[in-house]
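Trainee: Handing you this structure, nothing more for now.
The values are calculated or read from the model by the stated rules, or taken from the named source; none is laboratory data. Remember, it's a predicted structure, so these values are computed and weren't measured experimentally. Please note: Cβ atoms are built from the backbone with ideal geometry, for glycine as well, and neighbour counts cover all protein chains shown. When the accessible area is computed, the model is the full protein with side chains, heavy atoms only, and any ligands, DNA or RNA have been set aside. Shrake-Rupley method; radii C 1.70, N 1.55, O 1.52, S 1.80 Å.
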Amino acid sequence: MNLNLKDKKVFISGGSRGIGLALVRSFLVEGAHVAFCSRNQEMVDSVLTELKREFPSSTILAFASDATDPISIKGVFSAISDRWNTLDIVVSNVGDGRSTPDPLQLESQFNKTWQMNFTSAENVAREFLQMSHQEQGTLIFISSIAGLEAFGAPTDYSVAKAALFALSKNLARKLAPNIRVNCVAPGNVYFPGGSWDEKIQKDPDRIQKLIESTVPMKRFGSPEEIADLVLFLSSERASFITGSCVVIDGGQTVGFH
Ligand SMILES: NC(=O)c1ccc[n+]([C@@H]2O[C@H](COP(=O)([O-])OP(=O)(O)OC[C@H]3O[C@@H](n4cnc5c(N)ncnc54)[C@H](OP(=O)(O)O)[C@@H]3O)[C@@H](O)[C@H]2O)c1
């Protein structure tokens, strides 16, 4: 299937590892121009060097920026706007499920999780919509199945990810037919150095049993599988899809209904 993503201009928040890095690579493979940000300057520099080696003829813009900080994200979009004028595809990927097991986290922790998982997306969406000449495009939020169901994930994370569905649906309704807005809700995604890798290092047997007993596909998803879905949703092949939340979880949530 030709996704026709060649020369599209794409921004991904949180693109230096995991799902975000798989998104950056997958869009580059399709011939898109890609801008990404993450907080750690050294990591941004080293990923950029590696990507430039892999994709010598692509345009790649990389920024050290904290997506929870509206001023920082404004600076990123202003630099992209100076260079490209506009964006075709924006993926808000920043988020983190690490929190405490309390039924309701202390206010400081709850706010931190909210900033990381919701405010970061709000900031990115606002700047995208305010970009001059922004008349067409597609916006995708990376949420989680933890926002759909309560199966033991931290409450603050689940609430923030659920709020992304509301943001996505409201924007989809209000921005149609020019801008499509969708959510992707992954289940458990493994990659070396990721949050599931940390859990496996601590207790491999427990995690293996957990995955085998809760995920019908009996395995983790990969960042590349999430990227494939996001690429399709952001392409013209998905031109009638807006306001949707697409679950990609190896069947984990099918037994909940
Ligand atoms: N992995 C899973 O099993 C899973 C499951 C469901 C949903 N998700 C969602 O998928 C998304 C990506 O998950 P992941 O596991 O790939 O995450 P990850 O390994 O923690 O990577 C997050 C990326 O975002 C960057 N980042 C973090 N905070 C940032 C901030 N405030 N501003 C800018 N960049 C920031 C990180 O780099 P720096 O630290 O250098 O900033 C990194 O590049 C998240 O929204 C997560 O909630 C993941």
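Trainee: If I filter the stretch 228-250 for residues that are open to solvent by 50 Å² or more (accessible area, probe 1.4 Å), farther than 28 Å from L139 by Cα and among the charged types (D, E, K, R), do I get at least one hit?
Mentor: Among the residues of the stretch 228-250, not one is open to solvent by 50 Å² or more (accessible area, probe 1.4 Å), farther than 28 Å from L139 by Cα and among the charged types (D, E, K, R), which makes the answer no.
Trainee: Report, by residue number, each residue of the stretch 48-81 that is buried (at least 22 other Cβ atoms within 10 Å of the Cβ), within 11 Å of the ligand (Cβ to nearest atom) and part of a helix (DSSP H, G or I).
Mentor: I73, V76 - these are the residues of the stretch 48-81 that are buried (at least 22 other Cβ atoms within 10 Å of the Cβ), within 11 Å of the ligand (Cβ to nearest atom) and part of a helix (DSSP H, G or I).
Trainee: Restricted to the stretch 194-207, and to residues that are touching a helix residue (DSSP H, G or I) at 6+ places or on another chain (Cβ under 8 Å) and closer than 20 Å to E225 by Cα, which residue is most open to solvent (accessible area, probe 1.4 Å)?
Mentor: Among them, the one singled out is W196.
Trainee: Do any helices (runs of 4 or more DSSP H) entirely within the stretch 149-242 hold 3 or more residues that are within 11 Å of the ligand (Cβ to nearest atom) and touching a strand residue (DSSP E or B) at 6+ places or on another chain (Cβ under 9 Å), and if so, which?
Mentor: Passing ranges, in order: 223-234.
Trainee: Out of the stretch 129-148, which residues are buried (at least 21 other Cβ atoms within 10 Å of the Cβ) and within 15 Å of the ligand (Cβ to nearest atom)?
Mentor: L139, I140, F141, I142, S143, S144, I145, A146, G147
Trainee: Would you mind finding the one in F191, F220 that is closer than 24 Å to V34 by Cα and open to solvent by less than 50 Å² (accessible area, probe 1.4 Å)?
Mentor: Just a single option satisfies the conditions, and that option is F191.
Trainee: If a residue must be of a type outside the set (G, A, S) and buried (at least 20 other Cβ atoms within 10 Å of the Cβ), how many such residues does the stretch 89-104 contain?
Mentor: Total meeting the criteria: 5.
Trainee: Identify, from the list F27, F11, the residue that is within 24 Å of E127 (Cα to Cα), within 12 Å of the chain's Cα centre (by Cα), buried (at least 17 other Cβ atoms within 10 Å of the Cβ) and modelled with pLDDT of 95 or more.
Mentor: Just one listed residue meets the conditions, F11.
Trainee: Looking for something in a helix (DSSP H, G or I) and at positive phi - is there at least one such residue anywhere in the stretch 19-36?
Mentor: no
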